[in-house]
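The values are calculated or read from the model by the stated rules, or taken from the named source; none is laboratory data. What you see is a predicted model; the values in this text were computed from it and never measured. Cβ atoms come from the backbone with ideal geometry, glycine included; neighbour counts cover every protein chain shown.
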Amino acid sequence: MKKEMTLSSGNTAVVNIQKIVSTVTNGARVPIELLRKYYSQILEREIDKRQMLSLINVQVAFFFAAFPSDGPILLRIACCGWFLWALLKCKTALKCNQNI
């Protein structure tokens, strides 16, 4: 008499988590791609994701440098420095792909 046993896989939770992570990742790519296309349309040339992130960095740095008027002076100076650094990095990031 042959004994057969069916073993169920205990990895179903791992597979479900992988499906959820891939769904969230794919869902996050859509707005990023739309924003990249928007910046490309505004600049009238194609930009990549790195350049898009550089533009966003400059915008956030400007916001933090310009609007916290009640903040300590050292914080405002640091935010202005961040803005200038982000602006220079964005300038070089946008120039490197311009000649292609």
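Against the condition farther than 19 Å from ILE32 by Cα and assigned to a helix (DSSP H, G or I), how does CYS79 come out, does it pass? So CYS79 passes the test.
Would you pick out the residues in region 14-64 that are modelled with pLDDT under 90 and within 21 Å of THR92 (Cα to Cα)? Answer for region 14-64, where residues must be modelled with pLDDT under 90 and within 21 Å of THR92 (Cα to Cα): there is none. Scan region 56-74 and give yes if some residue there is outside any helix (DSSP H, G or I), of a type in the set (A, V, I, L, M) and surrounded by 12 or more Cβ atoms within 10 Å (Cβ to Cβ), otherwise no. Within region 56-74 (the criterion being outside any helix (DSSP H, G or I), of a type in the set (A, V, I, L, M) and surrounded by 12 or more Cβ atoms within 10 Å (Cβ to Cβ)), the answer is no, since none of the residues qualifies. For region 11-61, the set of residues classified as touching a helix residue (DSSP H, G or I) at 6+ places or on another chain (Cβ under 6 Å) and of a type in the set (Phe, Trp, Tyr) consists of TYR39 only.
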